[in-house]
Amino acid sequence: MLPVRDIVRQPGEMREHRFSVTLEDKWGEGIVAVEAGETVDLDVRLESVHEGILVSGTADSDYAGVCGRCLTDITAPVEVEFQELFAYPGDEEADFEVQDDHVDLETLVRDAVVLSLPFQPVCQPDCPGLDPNTGEKLAVSTDAESPAPIDPRWSALRQITDQDAPAGSRGAEKEES
């Protein structure tokens, strides 16, 4: 909650605030989330307009979870911009309203941060994931080059590739003639 008493119904007035908030609850329910106890840094601008208080700013924090491909623990920064009009109380229904000369930013910031979290986070852009047969991480696999599984529909073509070596030696004999 930020006090706005000094700029209520004074269009053109503006205040800026910079502060940090420690989360009491976890934000997000996917494979990554901003954990409880994490700090969210806010840089907020409050502008008085005829209809209410226009709130805009940025929120910075870190999210934690697991890679969607290889299940490695990951932590990464999240930065999000937000803007919303907190309307003055009146006859019309508004999503956000100025209440008791305060604006409550929690829902606005939480929604903006949670919606900006990646749906399928990865530890690195080219993460190969897990081996479907062994369950080992492909990025750190110690096996020598393991052959890719062959689709049974294409297995008949293997016979053709096995015959390539003799065909190559016949071509060399023709050049010598």
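Annotations
- Residue check for ARG9: farther than 28 Å from ALA139 by Cβ, among the basic types (Lys, Arg) and either touching a Ser or Thr at 6+ places or on another chain (Cβ under 7 Å) or in a loop (DSSP other than H, G, I, E, B) (or both): yes
- Checking each residue in the stretch 61-78 for being crowded, with 19+ Cβ neighbours inside 10 Å and among the aliphatic types (A, V, I, L, M) picks out ILE74, VAL78.
- Counted residues, the stretch 1-36 - those being within 19 Å of ASP60 (Cβ to Cβ) and of a type in the set (S, T, N, Q): 2
- When CYS67 is tested against (1) within 16 Å of the chain's Cα centre (by Cα); (2) closer than 28 Å to ILE7 by Cβ, only condition (2) is not met.
- ILE150 surrounded by 10 or more Cβ atoms within 10 Å (Cβ to Cβ), more than 30 Å from VAL49 (Cβ to Cβ) and modelled with pLDDT under 75: yes
- Here ASP101 meets each of (1) in contact (Cβ under 8 Å) with a residue 24 or more places away in the chain; (2) surrounded by fewer than 20 Cβ atoms within 10 Å (Cβ to Cβ); (3) out of contact with any Phe, Trp or Tyr (no Cβ under 8 Å at 6 or more places or on another chain); (4) within 30 Å of ALA139 (Cβ to Cβ) with one exception, condition (4).
- Restricting the stretch 79-96 to residues that are in a strand (DSSP E or B) and surrounded by 14 or more Cβ atoms within 10 Å (Cβ to Cβ), the residue that is nearest to the chain's Cα centre (by Cα) is VAL80.
- Selection status of GLY68, on the phi < 0 side of the Ramachandran plot and modelled with pLDDT under 95: yes
- Boolean, ALA59 is part of a strand (DSSP E or B), closer than 21 Å to PHE86 by Cα and either under 27 Å from the mean Cα position of the chain (by Cα) or touching a residue at least 12 places away in the same chain (Cβ under 8 Å) (or both): yes
The values are calculated or read from the model by the stated rules, or taken from the named source; none is laboratory data. Quick caveat: nothing in here was measured; it's all calculated off a predicted structure. Ideal geometry is used to build each Cβ from the backbone, glycine not excepted, and the neighbour counts take in all protein chains shown.
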